[in-house]
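Step one of this worksheet: look at the structure below.
The values are calculated or read from the model by the stated rules, or taken from the named source; none is laboratory data. None of these values were measured; they are calculated from a predicted model. Please note that ligands, DNA and RNA were not included when accessible areas were found on the heavy atoms of the full protein model with its side chains. Shrake-Rupley method; radii C 1.70, N 1.55, O 1.52, S 1.80 Å.
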Amino acid sequence: MEIYTIGVTKKTAQQFFETLQRAGIRRVLDIRLNNTSQLAGFAKQEDLAYFLRVIGGIEYQHEVMLAPTQDILDAYRKDKVEWEPFRQRFLALMRERQIERRLDKTLFATPTVLLCSEALAEHCHRSFVANYLRQHWGDVTITNL
């Protein structure tokens, strides 16, 4: 099974959509808590779902079970909690939510990408989600687009 990841910031719409098309992505699983922000002009939920469908025939799905809570995000962004405590709190949340059991593995039978805001996976919770699923599901390859 392959899990792809991508961020929307620091990319033009052309770069973003062409990257998805080149990778053969058929579904975007948006794991942002707040998917209505305008960090990238094309990434607001309603606009993104439309562009994905029209430009690439790509399905859009929002999955907040894979997003940090507002409290965890605020502690990291506003209170300047360090990266490791943020990671630990989010990992505990994923364990509590039992995402490895509640998330349907068959979603990834079709090339699916975990979408979040940050440009680089190593600075984003999408890498925690992908690695967590690999640890629990086994035989998972992660590709950061």
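On a 1.4 Å probe surface of the protein chains, which of 87, 126, 101, 77 comes out largest in accessible area, and what is the full order?
Sorted descending by solvent-accessible area, the residues read 101, 77, 87, 126.
Would you mind working out the accessible area per residue for the chain, using a 1.4 Å probe, and quoting it in Å²?
52 Å²
For the chain, which whole-number percentage of the solvent-accessible area (1.4 Å probe, protein heavy atoms only) is attributable to carbon and sulfur atoms?
After summing per-atom areas, the C and S share lands at 47 percent.
Using Cα pairs closer than 8 Å and at least 6 residues apart in sequence, work out the relative contact order for the chain, in percent.
Reported relative contact order: 44 percent.
When only the heavy atoms of the protein chains count and the probe is 1.4 Å, how do 112, 69, 141 rank by accessible area, highest first?
Descending order: 141, 69, 112.
If you count only protein heavy atoms and use a 1.4 Å probe, how large is the accessible surface of residue 123, to the nearest 10 Å²?
Counting only protein heavy atoms, the figure is 110 Å².
If I ignore ligands, DNA and RNA and count only protein heavy atoms, how much of residue 17 is accessible to a 1.4 Å probe, in Å² to the nearest 10?
Roughly 10 Å² of residue 17 is accessible to a 1.4 Å probe.
Given the alpha-carbon gyration tensor of the chain, what are the semi-axes of its equivalent ellipsoid in whole angstrom, ordered largest first, with each equal to the square root of 5 times an eigenvalue?
23, 19, 13
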